[in-house]
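The values are calculated or read from the model by the stated rules, or taken from the named source; none is laboratory data. Every value quoted in this text rests on a predicted model; they were computed, and no experiment measured them. All Cβ positions, glycine included, derive from the backbone under ideal geometry; neighbour counts span all protein chains shown. SASA here: full protein model, heavy atoms, side chains in, ligands and nucleic acids out. Shrake-Rupley method; radii C 1.70, N 1.55, O 1.52, S 1.80 Å.
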Amino acid sequence: SQLNNFDMIIFGATGDLSMRKLLPCLYQAHAAGLLHPKGRILGVSRSALDTAQFLAKVESDSKIHVKKNFTDELWNSFIQRIQYLTVDVNTPEHFGQLSELVKARTETDNVIIYLSTAPKFFAPACKNLADVGLNADNVRIVLEKPLGTDLVSSQEINTDVAQYFQENQIYRIDHYLGKESLQNVLPLRFGNVFFEQVWNKDFVKSVQITIAEQLGVEERGEFYDITGALRDMVQNHLMQMLCFVAMEKPKSLGADDVRDEKLKVVAALKPMTSADVDKNVIRAQYTDSGSLKGYLQENNVPADSRTETYVAIRAEIDTPRWAGVPFYLRTGKRLAARSAEIVLNFKEQENGLFGANPNRLVISLQPDETISLKLYVKQVGSGLDVQPAEMVLDMGKVSDDRRAEAYELLLREVIDGRLGLFNRRDELEKAWEWVMPILDNWAVSPIKPYGYAANSWGPKEAQDLLARDGNAWLEDQ
Ligand code: BG6
């Protein structure tokens, strides 16, 4: 059904995210007939452009990213929604013009301000918005990652924004929360009778959560080298996946009930000492292999960089449900395949009539969205010997409905004012708190990052991390 009317102001409208994701995703929602006919998109940035010039840029830089459902007619009606205004975040007069443009609309309900800029612009932008009244109750603000580079800087950003906006006006994006198959973990667990009974330390031997990428750092060397995999992926995306897998049943599906339970998971992650980090965290960099460059040879990466392009962590969650169960988290660039998946390895059966037969559940978010359950079934022929078999549910075949990209789903949630798929301040800061000992250890550690060949599954040390517990990564099982 159709979404509320809206006025969406995109700061950083000429930037990469806006051109590659935000506008194409808004186009998809438009093409599907989901956007209110009067919904407006107001691009703003420092560049001195008028609407026609901005639209020319959209035509050349954004349209190519519309990969599906394109027709000239729909595109032409979509761009009718778009206007442009030059706004320098440090120039108060520009905000006066912005607020006039917003208030000139008869329907000013649902004003959405999407800050798709570097976080250093958040504070001045919020102050100037508040000064012209663009922080009233009908205004929502969307914050793009990275929200800080450590606990302190993340607290600073949140404190700055909180001076002008209430927590329930703030939508902190983690695009993994827009992925269908991650959201599906909750109905899978709590909407079926099968899983919840065995979703605990009595039955689960270990949990693995992986986001593997095939690409290297590409043209982002400068950004990536001051970021690294822990900040880029673990503190946010992997943490969200972990929360959905590990959380207790929320009281309701209301935004705060779900976020309360996520917060409890992050807060229950066992804190690591520096010695724990040495033992339980593996950092590594890809080395050259064949025609592929190693990380240290990439553009804008210093030859002596210690930034990790891969990280694997053995974590534990101190709750009655999970005490003692290892959670292995890993992510890396230039790995053998692109995938994002959650694996529950169940315990071996004691005195099983048919053998030890450990079951396994794999929830795959990408490239394909599938749920696979490893079962043991009778071998064909005489006798009752068993063999493993995989029961696979292909989510793409469950419904013919269009599956939206993560950003589109999240933008639709913002337009309709649902906060459940956005991070609350406390969860985010708790996640930073947990990763801090790792960052602190690495900053002074004499242990250099290990190497792994581009196109491999990561360093040998990450295999050893699991072997120690008698476990193995999915590809080695
Ligand atoms: C982004 C990271 O947040 O997520 C990128 O900054 C990474 O480095 C990307 O490539 C991965 O997202 P997805 O949806 O392609 O798995």
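Quote to one decimal, in nm, the extra length available between residue 186 and residue 249 on full extension: 0.36 nm per residue of separation minus the C-alpha distance between them. List each step's numbers first, then the result.
On the way: separation 63, 0.36 × 63 = 22.68 nm, distance 0.86 nm.
So the chain would gain 21.8 nm between residue 186 and residue 249.
Step through the table entries 264/448; 38/120; 279/333; 179/251, compare each Cα-Cα distance with 26 Å, and write down the pairs that go over it. Kindly include the intermediate steps, with their values, before the conclusion.
On the way: 264/448 33 Å; 38/120 32 Å; 279/333 22 Å; 179/251 23 Å.
Distance filter (> 26 Å) returns 264/448; 38/120.
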Legend entry - Histogram of C-alpha separations across the range 320-450, 5 Å bin width, %: 2, 7, 9, 12, 15, 16, 14, 11, 8, 5, 2, 1, 0
Inset, instruction - Using packing as a proxy for protection, rank 357-368, 13-24, 51-62, 382-393 so that the peptide with the highest average count of other Cβ atoms within 10 Å comes first. - result: 13-24, 357-368, 51-62, 382-393
Legend entry - Under-5 Å amide H pairs with residue 366, H placed in peptide plane, nonlocal only: 340
Inset, instruction - With label points built 7 Å along Cα→Cβ from the Cα atoms of residue 382 and residue 291, find their separation and express it in nm. - result: 5.7
Inset, instruction - May I ask you to evaluate 6.51 cos²θ - 1.76 cosθ + 1.60, the Karplus curve with θ = phi - 60°, for each residue of the range 281-291 and list the ³J(HN,Hα) values in order in whole Hz, giving x for glycine and proline? - result: 10, 10, 10, 7, 10, 6, 10, 5, 7, x, 8
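Gain in length, residue 390 to residue 273, computed as 0.36 nm per residue apart minus the alpha-carbon separation, to one decimal in nm? Please list the in-between numbers first.
Details: separation 117, 0.36 × 117 = 42.12 nm, distance 3.97 nm.
Net length gain for the segment: 38.1 nm.
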Legend entry - Estimated vicinal HN-Hα couplings, Hz - the range 4-17 in sequence order (Karplus 6.51, -1.76, 1.60; Gly, Pro = x): 4, 5, 7, 10, 9, 9, 9, 7, x, 5, 8, x, 4, 4
Inset, instruction - With a Förster radius of 41 Å, plug the Cβ-Cβ distance of residue 67 and residue 474 into 1/(1 + (r/R0)^6) and report the FRET value to the nearest 0.05. - result: 0.90
Inset, instruction - If a/c stays under 1.5 just call it rounded; otherwise compare a/b with b/c (prolate if a/b is bigger, oblate if not). Do that for the range 129-237, with a ≥ b ≥ c from the square roots of the Cα gyration tensor eigenvalues. - result: oblate
Legend entry - Principal axis box of the chain, alpha-carbon based, largest edge first, Å: 77, 51, 45
Inset, instruction - Would you mind checking which residues have amide H under 5 Å from residue 205's amide H? H placed 1.01 Å from N; only 5 or more apart, or other chain. - result: 345, 346, 347
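Tell me, what is a quarter of the convex hull surface for the C-alpha atoms of the range 362-426, in nm² with one decimal?
Details: hull surface 31.1 nm².
Computed as one quarter of the Cα hull surface, the answer is 7.8 nm².
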Inset, instruction - Counting only C-alpha contacts under 8 Å and six or more residues apart, can you give the relative contact order of the chain as a whole percent? - result: 17
Inset, instruction - Please give the calculated 222 nm ellipticity per residue for the chain, where each DSSP H segment of at least 4 residues contributes -39500 (n - 2.57) and the sum is spread over every residue; nearest 500 deg cm²/dmol? - result: -8500 deg cm²/dmol
Inset, instruction - Take every Cα pair under 8 Å in the range 371-445 that's 6+ residues apart, average their separations, divide by the length, and report that relative contact order as a whole percent. - result: 18
Legend entry - Share antiparallel - DSSP beta bridges, the range 335-477, percent rounded to 5: 95
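Computing the accessible area with a 1.4 Å probe over protein heavy atoms, can you report the carbon and sulfur percentage for the chain? All intermediate terms of the calculation are to be shown ahead of the outcome.
Working: 10690 of 20940 Å².
Whole-percent figure for carbon plus sulfur exposure: 51.
Just want to confirm a number: the relative contact order over the range 130-224, from Cα pairs under 8 angstrom separated by 6+ residues, in percent. Show your work: numbers first, answer last.
On the way: 41 pairs, mean separation 21.0, N = 95.
22 percent.
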Inset, instruction - For residue 114, list long-range residues whose amide hydrogen, built 1.01 Å from N in the peptide plane, is under 5 Å from its own amide hydrogen. - result: 9, 10, 11, 142
Legend entry - When the range 382-477 is reduced to its Cα atoms, the Kirkwood hydrodynamic radius in Å: 19.6
Inset, instruction - Evaluate the distance, in nm, between pseudo-label points positioned 7 Å from the Cα of residue 347 and of residue 200 along their respective Cα→Cβ axes. - result: 1.2
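What order, most packed first, do the peptides 184-197, 292-305 have when packing is the mean number of other Cβ atoms within 10 Å of each residue? If you can, show how the numbers build up before the last one.
Working: 184-197: 13.4, 292-305: 15.2.
Result, highest mean first: 292-305, 184-197.
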Inset, instruction - Calculate one ³J(HN,Hα) per residue across the range 347-362 by plugging θ = phi - 60° into the Karplus curve 6.51 cos²θ - 1.76 cosθ + 1.60, and present them in order as whole Hz with x for glycine and proline. - result: 5, 6, 7, 8, 6, x, 4, 10, x, 6, 5, x, 7, 8, 10, 10
Legend entry - Taking only Cα atoms of the range 1-146, radius of gyration then Dmax in Å: 14.6, 41
Legend entry - Volume per residue that the Cα convex hull of the range 236-371 spans, once the total is divided by residue count, Å³: 198
Legend entry - Among beta bridges that DSSP assigns inside the chain, antiparallel share in %, nearest 5: 55
Inset, instruction - Provide the per residue accessible area, probe 1.4 Å, for the chain, rounded to a whole number of square angstrom. - result: 44
